[in-house]
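Please read the structure below before turning to the comments.
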Amino acid sequence: MPDSLTSTLTSYYDEVPYESHPFPQTAVEHLEALAFLFGLETPPPAKARVLELGCAAGGNLIPFAARHPEASALGLDLSKVQVEQGLTAISRAGLPNVELRAFNLAEVDASFGQFDYIICHGVYSWVPGPVQEAILRVCSENLAPNGVAYVSYNVYPGWKAREIVRDAMILRGAPRDTPEEKLSYARGMLEFLEQSARPDSVLKKTLEETMPIVRGSSGYYLLHEFLEPCNAPCYFKEFVARAEANGLSYLADAEPSTMFVQNYGEKVREPLLRECGGSQILMEQYLDFLVNRTFRQSLLVKQGRAADIRYRLDPARIRSLEFAGVFAAEDGTALTLDAREQSCNALRNLKVTLRLPVHKAAAQALDANYPASLSLEALIASVLAATGENRTSVEPIMMSMLEELLILGAVRIRRTPVRAATQVSALPLALPSVRTAPGLALSAGSSATVCNQWHESMGLSALERCLLPLLDGKHSHDMLADYLAAEVRADRLRFVHNDKPLTDPSALKEFALKQVELGLSDLRRKALLVA
């Protein structure tokens with residue numbers, strides 16, 4: 001990368017740091033499970049060596065290192081400002097197994113060694129061609145023989161329309177001096193175009209599709225997505241061809257539900273299956289046109305492993321997975337173990353219709369256990385106990401149900417159990433990295449987030465922010481209530497009861513105990529308590 005362009009890109013991230021947080025779709029445990037689902041064995045995350053290209057302040061990498069103390073993680077980023085922020089967080093959490101470096105990823109070579117998992121999220125499309133080539137080179141040369149690389153990027157055809165918006169924003173915003181001015185002038189350009197575009201024009205339709213994104217996104221996202229010097233989308237087939245030229249093969253999408261043609265209806269399924277002749281890549285490229293896709297998250301492996309990839313789901317592999325999910329009846333009633341159809345809200349706001357007692361018993365078990373995962377054996381045992389049916393009749397129904405939920409994307413999978421608490425213990429425990437997360441103190445700001453056991457960013461209430469630092473497995477509920485009551489007396493926390501601040505000492509402890517129970521229950525459901 002030319003020095004001037006390197007300096008420009010670095011300044012964008014130094015002046016307006018990209019918010020550094022976990023991306024669930026990049027979780028190493030998720031990548032391991034997807035590789036297994038499609039026929040490949042990969043190194044266990046617990047002792048894996050992981051590289052992240054473009055790690056920002058480590059918000060995506062540090063939680064992985066905290067979950068797996070015997071693993072090792074290295075993050076590289078151009079921005080010294082963001083790396084320094086990450087090093088502070090690492091020191092605070094006391095994590096010896098993760099390192100961040102301010103480093104040009106194009107200069108990674110064989111001396112770095114090989115990694116079991118390589119993650120590159122939000123970088124590939126936003127750097128010049130030579131750096132894109134370097135990313136794929138690193139994903140090939142520095143990837144262990146049985147490893148997996150993850151690369152996200154903007155894609156056509158969806159970005160064809162967004163490029164109109166980007167070009168308009170750059171026209172008015174790019175010449176300005178500061179990031180704030182660039183963004184302000186760019187937004188003004190879009191407001192002008194929105195008011196002035198002809199109702200029947202392509203521009204008007206493009207703005208109707210894009211303006212909700214512009215209005216609903218943070219400034220740092222808009223600056224990096226629409227106003228950076230580099231944003232080079234490509235077609236999915238082009239990306240795969242580039243990967244293949246570097247000795248890599250496409251494995252899967254990090255959101256596998258997008259890969260299954262049956263999710264798009266019979267009118268799409270049959271013609272595409274005939275047209276694409278068994279080519280997964282060609283079929284997914286057709287689907288990108290069908291849904292006007294704008295963004296992809298591709299998993300890559302060494303080309304020598306391509307022959308072992310299987311897109312037809314193997315029942316034996318499904319049996320070996322851990323499952324997790326949430327299911328709530330759409331009408332707010334309880335699930336009934338009868339043959340009455342009940343519509344449920346599941347993960348990712350998906351709608352699932354449950355028809356049989358076995359379906360409902362399985363949904364009940366998954367939901368009650370969430371956020372912890374269940375093995376197939378544990379799930380079947382729960383269904384048998386709830387329905388009184390025999391295993392011979394239950395197991396085929398369960399297998400069919402889990403395959404359908406996997407294809408739909410309504411259930412989460414892992415290869416090993418998720419270390420989330422299934423109930424609130426007498427001495428609740430959260431990971432040290434969560435207890436010491438920056439910004440937990442109420443004085444630190446109006447909001448705070450931490451990473452949970454599913455590698456998700458979780459917002460916290462004031463009550464949860466007060467409790468988390470004390471959840472070291474040594475504080476009883478009574479001790480936690482005493483602490484909350486003391487915070488109220490010191491006027492650092494307020495309890496409101498019947499629309500009035502609670503100050504009566506005799507009622508304070510009892511109310512504090514109730515708040516502890518509520519807060520711990522919410523923290524458990526958010527996958528922030530560990531077993």
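Nothing in this text is a laboratory measurement; each read-out follows from the coordinates by a stated rule. In this text the structure is predicted, and so the values were computed from the model without any measurement. Note: ideal-geometry Cβ built from the backbone for every residue, glycine included; neighbour counts use all protein chains shown.
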**Study point:** Cβ-based charge dipole, region 315-414, positive-most Cα from 336, 321, 378
**Key:** 321
Exercise for review: May I ask for the distance between the Cα centers of region 173-242 and region 267-297, given as a whole number of Å?
Suggested key: 27 Å
Practice item. Rounded to whole Hz and in sequence order, give me ³J(HN,Hα) for region 292-300 from the Karplus expression 6.51 cos²θ - 1.76 cosθ + 1.60, θ = phi - 60°, writing x for Gly and Pro. Key: 6, 5, 10, 8, 9, 9, 9, 9, 10
Review point. For region 48-95 and region 324-354, what is the separation of their C-alpha centers, rounded to whole Å?
Key: 39 Å
Practice item. Kindly give the semi-axes, whole Å and largest first, of the ellipsoid equivalent to region 158-226, taking each as the square root of 5 times a Cα gyration tensor eigenvalue. Key: 20, 13, 10
**Study point:** Entry for P(r) over Cα pairs in 20 Å bins from 0, in percent (calculated from the structure that is shown) out of [x] 21, 58, 20, 1; [y] 19, 39, 26, 15, 1; [z] 19, 50, 29, 2
**Key:** [z]
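For each of 500, 204, count neighbouring Cβ atoms within 10 Å of the residue's Cβ, then give the residues from fewest to most.
Sorted ascending by nearby Cβ count, the order is 500, 204.
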Practice item. With a ≥ b ≥ c taken as the square roots of the eigenvalues of the C-alpha gyration tensor of region 62-162, please select rounded if a/c is under 1.5 and otherwise prolate if a/b is larger than b/c or oblate if it is not? Key: prolate
Practice item. Could you tell me which of 503, 358, 276 has its Cα farthest along the dipole of the chain towards the positive end, charges placed at Cβ (Lys, Arg +1; Asp, Glu -1), taken about the Cα centre? Key: 358
Review point. Residues of region 357-391 with amide nitrogen under 15 Å from the 7 Å Cα-to-Cβ point of residue 339?
Key: 357-360
Exercise for review: Give the order of 294, 392 when sorted by the count of other beta carbons within 10 angstrom, beginning with the fewest.
Suggested key: 392, 294
Practice item. Check the straight Cα-Cα distances from residue 47 and name the aspartates and glutamates below 15 Å, setting aside those fewer than 8 residues away within the same chain. Key: 29, 32, 70, 116
**Study point:** Entries in 182/205; 267/351; 474/526; 204/351 that, when Cα-Cα distance is taken, lie over 27 Å
**Key:** 204/351
Practice item. List, largest first, the extents of the alpha carbons of region 315-414 along their principal axes, each in whole Å. Key: 35, 29, 21
Practice item. Pull up all non-local amide H partners of residue 295: gap of 5 or more, or a different chain, and H-to-H distance under 5 Å with H placed in the peptide plane. Key: 155
Review point. What list of ³J(HN,Hα) values in whole Hz, one per residue of region 134-150 in order, does the Karplus curve 6.51 cos²θ - 1.76 cosθ + 1.60 (θ = phi - 60°) give from phi, with Gly and Pro shown as x?
Key: 5, 4, 5, 4, 5, 4, 8, 6, 9, 8, 4, x, 10, x, 10, 10, 10
Check your understanding: Cα-Cα pairs above 19 Å in region 193-347: how many percent?
Key -> 72 percent
Review point. Which whole-Hz ³J(HN,Hα) couplings does region 505-522 yield from phi under the Karplus relation 6.51 cos²θ - 1.76 cosθ + 1.60, θ = phi - 60°, glycine and proline marked x?
Key: x, 5, 8, 5, 5, 4, 5, 4, 4, 5, 5, 4, 4, 5, x, 5, 4, 5
Practice item. Could you line up 333, 26 from fewest to most neighbouring Cβ atoms inside 10 Å? Key: 333, 26
Review point. Can you list the residues, at least 5 places off or on another chain, whose amide H is less than 5 Å from the amide H of residue 115, using H built in the peptide plane?
Key: 143, 144
Point to revise | Centre separation in Å (Cα based) which lies between region 126-166 and region 482-528 | key: 48 Å
